[in-house]
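**Q** One structure coming up, written as structure tokens, with questions to follow.
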Amino acid sequence: MTNLQSTVAASGPTDLKFDFAGLDAQVQDSPFHQWLGVRLSKLTAEMIELTLPWREEFVSHPKIRYTHGGILATLIDLAADYAIAAQLGRGVPTVDLRIDYHKAAMPGPLVARARVIKMGRTLATAEANIYDQNDALIASGRGVYLTHSR
């Protein structure tokens, strides 16, 4: 068991439907997520953390070399979605997403930390923050996700 996995095990009983390996497998299941290189790096009863390694394809402006905002929005959406999935036991579709950009993301790995704000029978709300390798806040966002399934 890794240190990250032991964080969940040591916290005692939770409402989590996935353990670390199970949620990471869900994240890795999508070809798009595989292309991004996103990985689960932390899972607790209160939050998840995703890590996104740098890729040259993320560059929006060739001379300044900052990361395209769509990549940041994607990372916020994924982190918030998988915070819900950890509790629900499955991924959920996005209904609404709001992103605030605080600082340009320059080349380097990014970390997204997300938590569920409200889990409802039909909708859930989660928020995520993205940090750069110096732990500076790059972007934040909140999403609403459809939890009801037929």
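The values are calculated or read from the model by the stated rules, or taken from the named source; none is laboratory data. The model shown is predicted, which means the values in this text are computed figures rather than measured ones. Methodologically, a virtual Cβ is constructed for each residue, glycine included, from the backbone with ideal geometry; neighbour enumeration extends over all protein chains shown.
**Q** Going by the conditions given, is Arg90 surrounded by fewer than 22 Cβ atoms within 10 Å (Cβ to Cβ), under 10 Å from the mean Cα position of the chain (by Cα) and under 22 Å from Ala25 (Cβ atoms)? I'd like the intermediate steps shown before the answer.
**A** Values: surrounded by fewer than 22 Cβ atoms within 10 Å (Cβ to Cβ): yes; under 10 Å from the mean Cα position of the chain (by Cα): no; under 22 Å from Ala25 (Cβ atoms): yes.
No; evaluated as a whole, the condition is false for this residue.
**Q** Counting only residues that are closer than 13 Å to Leu75 by Cα, in a strand (DSSP E or B) and either modelled with pLDDT under 95 or hydrophobic (A, V, I, L, M, F, W, C) (or both), how many does segment 98-116 have? Break it down stepwise before answering.
**A** Residues of segment 98-116 closer than 13 Å to Leu75 by Cα: 98-101, 105, 109-114.
If we keep only those that are in a strand (DSSP E or B) too, we end up with 98-101, 110-114.
Then drop every residue that is not either modelled with pLDDT under 95 or hydrophobic (A, V, I, L, M, F, W, C) (or both), which leaves 99, 110-112, 114.
Adding up the residues that qualify gives 5.
**Q** A further question follows. Can you report the number of residues in segment 20-62 which are in contact (Cβ under 8 Å) with a residue 24 or more places away in the chain and under 17 Å from Ala83 (Cβ atoms)?
**A** Residues in segment 20-62 being in contact (Cβ under 8 Å) with a residue 24 or more places away in the chain and under 17 Å from Ala83 (Cβ atoms): 18 in total.
**Q** May I ask you to list the residues in segment 109-127 that are more than 10 Å from Leu50 (Cα to Cα), of a type outside the set (Asp, Glu) and under 13 Å from the mean Cα position of the chain (by Cα)? Please lay out each step first, then the result.
**A** Taking segment 109-127 and keeping what is more than 10 Å from Leu50 (Cα to Cα), we get 109, 115-127.
From the residues that got through so far, the ones that are of a type outside the set (Asp, Glu) too are 109, 115-126.
Scanning segment 109-127 gives Arg115, Val116, Ala126.
**Q** Can I ask one more? How many residues does segment 61-77 contain that are surrounded by 15 or more Cβ atoms within 10 Å (Cβ to Cβ) and not charged (D, E, K, R)?
**A** So the count comes out to 8.
**Q** Would you pick out the residues in segment 120-150 that are outside any loop (DSSP other than H, G, I, E, B) and either at pLDDT below 95 or charged (D, E, K, R) (or both)?
**A** Glu127, Arg142
**Q** Then there is this: Take segment 1-50 and flag every residue that is out of contact with any helix residue (DSSP H, G or I) (no Cβ under 8 Å at 6 or more places or on another chain), modelled with pLDDT of 55 or more and surrounded by fewer than 17 Cβ atoms within 10 Å (Cβ to Cβ).
**A** If the condition is that a residue be out of contact with any helix residue (DSSP H, G or I) (no Cβ under 8 Å at 6 or more places or on another chain), modelled with pLDDT of 55 or more and surrounded by fewer than 17 Cβ atoms within 10 Å (Cβ to Cβ), then Gly22, Ala25, Asp29, Ser30, Pro31, Phe32, Trp35, Gly37, Glu46 are the ones that fit.
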